[in-house]
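Have a look at the structure below before the remarks.
Just so it is clear, none of the values below were taken in a lab; they were calculated from the coordinates. These numbers were taken from a predicted model, which means no experiment stands behind them. Because the Cβ atoms are built from the backbone with ideal geometry, glycine has one as well, and the counts that use them run over all protein chains shown.
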Amino acid sequence: MGRLSTLFGPERVAVIGASESEGSVGRAITENLLESYEGEVLAVNPNADEVLGLPCRDGIGEVDSPGTVDVAVVVVPPQIAVDAIRQAGEVGIGNVVVITAGFGETGSDGAARERELREVAEEYDLNLVGPNSLGVMSTPKGLNATFGNEMANEGDISFMSQSGAFVTAVLDWAAERDVGFKDIVSLGNKAILDEGDFVEEWGEDPETDVILGYLEDIEDGGEFIRTSREVTQDTPIVVVKSGRTDAGASAAASHTGAMAGSERAYEAGLEQAGTLRVESVQELFDYAQILSGQPLPDGEEIAIVTNAGGPGVMTTDAVGDSDLSLAEFSDDTFETLQGTMPEAANIYNPVDIIGDAPAERFESALETVLADENVSMAVVVACPTAVLSFEELAEVVVEKQRESGLPVATTLMGGKSVGAGQEILAQAGIPQYFDPARAVGSLDALTEYRNISEREFQEPDTFDVDRERAREILQSATRRDTNRLGVEAMELLDAYGIPTPQGAVVDSPGEAEAIAEDIGDNVVMKIVSPDILHKSDIGGVEVGVPPEEVRDTYEDLVVRARNYQSDATILGVQVQEMVDLEAGTETILGMNRDPQFGPLLLFGLGGIFVEVLEDTTVRVAPVSEPEASAMLDDIESAPLLQGARGREPVDRDALVETVQRLSQLVTDFPAIVELDINPLVATPDGVKAVDLRLTLDQEEL
Ligand code: ADP
Ligand code: MG
């Protein structure tokens with residue numbers, strides 16, 4: 001069992017701030033604990049002798065053998081809460097649930113208090129929930145240490161929520177639907193324990209089959225990905241993520257900064273973590289139910305059995321919208337259906353056994369299709385008729401699902417006539433919906449989770465690079481007292497094995513000529529200035545300069561830069577070998593640092609129209625080889641890289657390796673806040689990084 005097993009399964013719980021006063025949180029918690037908890041409840045409050053029949057002590061130190069109290073629930077006012085927690089730590093209590101509000105959520109005084117709380121928790125190594133939490137619940141011991149008004153039913157779903165109010169709403173909702181829980185935690189301000197800790201705990205908990213999260217943010221994205229992707233091999237995690245983090249974090253100067261916002265980081269991060277992300281509360285519980293009740297399918301092929309034409313078509317449409325596909329039956333199946341179904345029936349998938357079908361006909365059809373090797377799952381769609389008992393149908397579905405071992409969902413379309421059937425299905429863990437789209441969506445999610453659980457996570461490759469040289473180049477910016485670097489830092493890429501065209505930055509026309517002579521062909525010349533972000537916008541890039549024009553072009557570029565900004569710092573001019581753009585594709589490879597997830601790699605179609613086209617994909621770094629490779633296929637212009645219209649495909653391996661090498665660079669140097677290689681020209685013979693721009697956080701160096 002995990003580190004938090006005592007938090008959810010304590011023998012003794014003390015309420016610090018227990019109270020009898022009507023309407024108080026201290027009273028609600030004490031009452032809830034007394035209601036169903038199997039263990040011992042202790043009351044602490046210096047202003048009372050007795051609370052709800054419990055003897056009351058002045059301080060936690062004065063209860064009998066305080067060291068054996070497993071959990072302290074803290075409900076006292078914020079001014080004295082930190083002291084109360086310190087006392088709990090001093091007597092050796094390891095788990096603290098802080099209900100008290102008035103911390104980080106309430107301005108600067110509260111933030112200071114929360115810092116203090118964190119220090120105390122770290123000093124005593126406390127497993128601390130909250131502050132500003134509704135509390136925790138765990139059904140095996142009947143523990144209700146919350147101030148909600150309802151206790152959860154027993155079940156195998158464990159649920160964490162960043163909103164306490166949402167916990168109460170969900171409990172109320174779940175009570176009506178036979179949805180049961182193992183543990184529930186209201187995360188509050190997450191001063192110590194956060195979503196990653198609970199994912200880790202429930203991943204190790206044999207009684208938790210599905211983990212649900214309602215999250216507004218994620219404290220440490222990298223950690224969450226690492227923990228979750230292991231847990232999701234065995235335990236599905238379904239997450240609703242609402243709200244957005246401070247967009248200011250991505251208020252950035254470069255292309256990547258503007259395009260790789262926080263929301264994209266969450267999207268990529270939650271995907272890399274192996275979670276199923278849902279948009280609504282309904283989906284959250286639809287997925288939870290089917291994941292906890294049904295076996296995983298071994299393929300994507302679904303059979304539909306229905307007594308109604310229209311709903312059968314709706315179900316087929318829903319399959320079309322999903323990643324599932326309609327199963328193609330074997331000849332045996334067709335033969336059996338032909339022999340057992342009435343003439344008017346449609347024996348092709350969706351199987352329409354027509355309106356006069358009694359439960360027995362469903363039984364026969366279902367048995368036949370589930371026995372077909374091409375079928376991985378089934379959905380039963382039925383409308384009420386005079387000859388069909390939903391109760392009997394439910395029993396048939398339960399039996400056939402069990403016999404086949406394949407996942408099944410039902411769509412019994414009706415109101416009150418569904419009741420008894422619904423109960424039978426729920427008992428057997430078969431999800432039942434009015435809407436066929438939800439049934440198909442749930443089976444789709446089940447299939448998606450099957451794919452996740454079979455993912456093999458590869459560690460990112462580590463390349464042999466010149467880290468010291470890279471550090472020197474970054475430090476050169478510090479000496480120049482700037483946090484912006486451009487093509488003058490191209491060697492940074494060389495140090496990490498990312499190919500660049502031959503070239504150099506020089507500060508005189510004569511030197512420019514010498515470099516061009518070395519290159520021995522027409523060259524590209526670019527102005528180099530930390531004040532000029534988009535060089536071509538101001539005429540700062542000249543492509544195809546012949547040797548005899550290099551001197552004049554140098555002067556022209558400087559004049560144009562001065563015209564644009566008279567006091568611009570001009571470092572010189574870059575003279576660069578020409579790259580054959582005709583044979584290649586201009587891509588962009590960049591990085592932007594997300595406050596929660598850290599380095600976010602961006603890959604897409606590049607060049608000067610990158611903002612217009614916005615065809616990019618992101619991943620949280622570090623990325624493994626398969627992840628880097630998947631980025632290439634993710635973008636809409638992927639066919640360009642694969643050689644559309646008779647073009648030769650680009651050197652895919654070189655491109656994938658470059659993504660991995662950049663991933664290593666930005667992981668090695670947290671000081672790089674953002675970085676753009678645009679364009680990274682991909683050709684059939686390799687890649688070339690033609691342009692570079694990056695922003696540094698000097699203090700991280
Ligand atoms: P910026 O993005 O600041 O305008 P770049 O260095 O990216 O400057 O140059 C702008 C465009 O010029 C590139 O997108 C590319 O089309 C072209 N270009 C730049 N360098 C080269 C090169 N070495 N060979 C061929 N084309 C180049
Ligand atoms: Mg560029």
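Averaging the sequence gap over all C-alpha pairs within less than 8 Å and six or more residues apart, then dividing by the number of residues, gives the chain a relative contact order of 9 percent.
Between the helical axis of 78-90 and the longest alpha-carbon principal axis of the chain there is an angle of about 80 degrees.
Between Asp125 and Ser36, the FRET efficiency estimated from the beta carbon spacing at R0 = 25 angstrom works out to 0.25. Antiparallel beta bridges, as assigned by DSSP with both residues in the chain, represent about 50 percent of the total such bridges. Relative contact order (percent) for the range 90-197, with alpha-carbon contacts under 8 angstrom and 6 or more residues of separation? Relative contact order of the range 90-197: 30 percent. For the residue pairs Lys535/Lys688; Lys141/Lys190; Lys241/Lys400, the C-alpha atoms sit more than 30 angstrom apart in Lys241/Lys400. By other beta-carbon atoms within 10 Å, ranking Glu363, Glu611 with the fewest at the front produces Glu611, Glu363.
You can think of it this way: the chain between Arg177 and Tyr348 has 58.1 nm of extra reach, that is 0.36 nm per residue less the Cα-Cα gap. Could you give the angle, 0 to 90 degrees to the nearest 10, between helix 25-36's Cα long axis and the longest principal axis of the Cα atoms of the chain? The angle comes out near 60 degrees.
The ranking of Trp202, Trp173 from fewest to most other beta carbons within 10 Å of each one's beta carbon is Trp173, Trp202.
Counting pairwise Cα distances across the chain, what percent come out greater than 45 angstrom? I get 40 percent for the Cα pairs in the chain exceeding 45 Å. The C-alpha atoms of the chain define a longest principal axis, and helix 359-371 lies at about 40 degrees to it. For Thr315, Thr30, Thr333, the sequence from fewest to most other C-beta atoms within 10 Å is Thr333, Thr315, Thr30.
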